[in-house]
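Have a look at the structure below before the remarks.
The values are calculated or read from the model by the stated rules, or taken from the named source; none is laboratory data. Note that this is a predicted model, so its numbers are computed, not measured. Don't worry about glycine lacking a Cβ; one is built from the backbone with ideal geometry, like all the others, and counts go over all protein chains shown. Surface accessibility is based on the protein's heavy atoms, side chains included, excluding ligands, DNA and RNA. Shrake-Rupley method; radii C 1.70, N 1.55, O 1.52, S 1.80 Å.
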Amino acid sequence: TELSHIRNFSIVAHIDHGKSTLADRLIQETGTVQDRDMKEQLLDAMDIERERGITIKANTVRLDYKADDGETYILNLIDTPGHVDFAYEVSRSMRAVEGSLLVVDSTQGVEAQTLANVYQAIDADHDIVPVFNKIDLPASDVSRVAEQVEDVIGIDASGAIAVSAKTGQGIHEVLESIVAHLPAPKGERDAPLKAMLVDSWYDAYLGVIVLVRIMDGVLKKGERIKMMSNGSVHHVDRIGVFRPQMQPVDELGPGEIGFLTASIKQVRDTRVGDTITHEKKGCETPLPGFKPAQPVVFCGLFPVDSAEFEDLRDAIEKLALNDASFSYEMETSAALGFGFRCGFLGLLHLEVIRDRIEREYNIELITTAPSVVYHIYMKDGTMQELHNPADMPDLTYVDHLEEPRIKATILVPDEYLGDVLKLCQDRRGLQEDLSYAGPRAMVVYDLPLNEVVFDFYDRLKSVTKGYASFDYQMMGYRQDNLVKMQILVNDEPVDALSVMVHRDRAELRGRAMVEKLKDLIPRHMFKIPIQAAIGGKVIARETLSALRKDVTAKCYGGDATRKRKLLEKQKAGKKKMRQFGKVEIPQEAFISALKMD
Ligand code: GDP
Ligand code: MG
């Protein structure tokens, strides 16, 4: 295909503004999928994505479009994820295309992820076509959104297209605008092969599938290719394009986006952002390097039933094959037995993996408190990464600690601004900016990631009744007065409840945790002290009083059915309990105890 007849683009949007629905309409309008095969949100493949309405893996589809000028164009759409945890995937897929559709819900306006994603597109030098969606709804206000896009983002909205991805209104104009306003890719057919590895994932039948964007040269089936980062050589056994199902092609030329398979066994052997060339007569210089995605949040995953440890190992290994950004290593906890310490891109990523293990592999899990990665500077001048508060070295050897910080951007209606400022202040935030984006305030805070990973997003949603939008970016490490706080139940430290906290907030956190635990742990036949401690020093304490002899007789007298129900309930609760010394702690305590209300 001639370069002038190719357009490569992505769609950027805040979550729920209609990106997937628009993608579906474009697929339908170009006749890529027959109407009878059309199901909603074709590109959101995994069940969990459908259920939560989020797109996790970037997906791609090739559309043939016969334009009003009579020519047929190839349109390659890369659907990018819309959640902060996956910002890295957005940035890498952006480099593979030349333009973006900026979708804004015209009943809502610009949100935090609209900004974050469109800035990525601007960084990647994209031409941008604004698309104002949901004009079928009465609350739609296209001119207000156009004004916002110009004022807040600073791009020209005069060529914006008003659409309803639901009814199909305006979709033809979107396709025409892609052809007319987005640039054709550049590339040299006769130059040595230079392709970007955009994404890769594991397929049970085909092995690893590699999504590539050809920059220069031509890729054919049967050729031997080389990954430039490590020199590994593979024999290409399949090439093709997504429509959206896989379709073989004879070759992929400059400007094209497609896939290859080459009997690669693990996703880990394919580095996203790597340059692929031919083994012989390859190109000299690779594309400017990408950095691999680094896990930023760690937590322990343990089976509720310790007999399921091997099943858990199996599940984790399988999931890791398909997700290079998910890391794991074995962990033993005095309290929880054998499990894994796992690293994630963020909390959503954590939840997705945990849900998949519970659902697809049917293993009930105990998840320990999520922790960020601390840098520990030792007195001997070395630095260690701390992924687990339980591994905190003896303080006599430690010089100082550093923690990761983020830059958070929050958009919120004015009436909730005070609550948002208070929340950020409470979480040790430093205000960097406060301005207005139309009727809403836009605040920028420098916050410790530690204070955000756990329940910040939930708190933000609740104090603003769901009207705030939030996005963040990692900013690097800074020293602070951080200590490890232990929780002792019946005088035994429970390692899975250890957390790193700021010294000034330790008493507050400690008191909140022991109070919560007092409610969460059922009463036993004996008195149970619950304490929070730093080093050897107890900073907060509660005592759970002992149970009287026969609880059912005492509470419910002669009512036999109520008595039976109570016993059944206790039995069901038992399954999810873990034994710590003489005390049983319910599974939900590990997460609930850490929530700051
Ligand atoms: P995404 O998160 O950006 O991919 O958004 P989705 O495509 O999943 O859409 C979010 C919700 O908005 C879904 O319930 C869609 O059915 C709905 N939606 C999308 N486009 C339109 C539209 O043009 N009009 C209306 N009324 N609803 C829409
Ligand atoms: Mg979507």
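General observations
- Candidate set: segment 5-34, residues that are outside any helix (DSSP H, G or I) and more than 23 Å from the chain's Cα centre (by Cα); chosen: the one farthest from ligand 1 (Cβ to nearest atom): Ile6
- Of all residues in segment 523-559 being among the hydrophobic types (A, V, I, L, M, F, W, C) and open to solvent by 70 Å² or more (accessible area, probe 1.4 Å), the one that is modelled with the highest pLDDT: Met525
- Verdict on Glu385 being open to solvent by less than 10 Å² (accessible area, probe 1.4 Å), within 16 Å of Arg478 (Cα to Cα) and either in a helix (DSSP H, G or I) or among the acidic types (Asp, Glu) (or both): no
Table: residues versus (1) open to solvent by 80 Å² or more (accessible area, probe 1.4 Å); (2) among the small types (Gly, Ala, Ser); (3) out of contact with any Lys or Arg (no Cβ under 8 Å at 6 or more places or on another chain).
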{"position": "Leu321", "(1), (2), (3)": "no, no, no"}
{"position": "Leu336", "(1), (2), (3)": "no, no, no"}
{"position": "Gly346", "(1), (2), (3)": "no, yes, yes"}
{"position": "Val352", "(1), (2), (3)": "no, no, yes"}
{"position": "Ile357", "(1), (2), (3)": "no, no, yes"}
{"position": "Thr367", "(1), (2), (3)": "no, no, no"}
{"position": "Ser371", "(1), (2), (3)": "no, yes, yes"}
{"position": "Tyr377", "(1), (2), (3)": "no, no, yes"}
{"position": "Val398", "(1), (2), (3)": "no, no, no"}
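- Arg505 vs. criteria over 31 Å from the mean Cα position of the chain (by Cα) and of a type outside the set (A, V, I, L, M): no
- Selection status of Pro192, open to solvent by 30 Å² or more (accessible area, probe 1.4 Å), more than 29 Å from the chain's Cα centre (by Cα) and farther than 30 Å from Tyr119 by Cβ: yes
- Restricting attention to segment 501-521, the residues that are open to solvent by 10 Å² or more (accessible area, probe 1.4 Å), at pLDDT 90 or above and closer than 27 Å to Phe338 by Cβ total 1.
- Selection within segment 186-200 - in contact with a Lys or Arg (Cβ under 8 Å, 6 or more places away or on another chain) and at pLDDT 95 or above: Pro192, Ala195
- The strands (runs of 3 or more DSSP E) found entirely in segment 197-312 that carry 1 or more residues being within 29 Å of the chain's Cα centre (by Cα) are 207-216, 224-227, 238-242, 246-248, 257-261, 275-278, 297-303.
- Scanning segment 435-449 for residues that are assigned to a strand (DSSP E or B) and open to solvent by 70 Å² or more (accessible area, probe 1.4 Å) returns a single hit, Tyr436.
- Filtered by the rule that a residue be open to solvent by less than 40 Å² (accessible area, probe 1.4 Å) and closer than 25 Å to Ala468 by Cα, segment 1-33 gives Ile11, Val12, Ala13, His14, His17, Gly18, Lys19, Ser20, Leu22.
- Among the residues of segment 320-344, the ones that are at pLDDT 85 or above and part of a loop (DSSP other than H, G, I, E, B) come to 1 in all.
- Every residue from segment 394-410 that is under 17 Å from His502 (Cα atoms) and either assigned to a loop (DSSP other than H, G, I, E, B) or over 26 Å from the mean Cα position of the chain (by Cα) (or both): Leu395, Val398, Asp399, His400, Leu401
- Within segment 323-334, if we keep just the residues that are open to solvent by less than 20 Å² (accessible area, probe 1.4 Å) and in contact with a helix residue (DSSP H, G or I) (Cβ under 6 Å, 6 or more places away or on another chain), the residue that is nearest to Arg354 (Cα to Cα) turns out to be Phe326.
- Within segment 231-246, the residues that satisfy the criterion of being open to solvent by 10 Å² or more (accessible area, probe 1.4 Å), closer than 18 Å to Gly207 by Cβ and not β-branched (Val, Ile, Thr) are Ser232, His234, His235, Asp237, Arg238, Phe242, Gln245, Met246.
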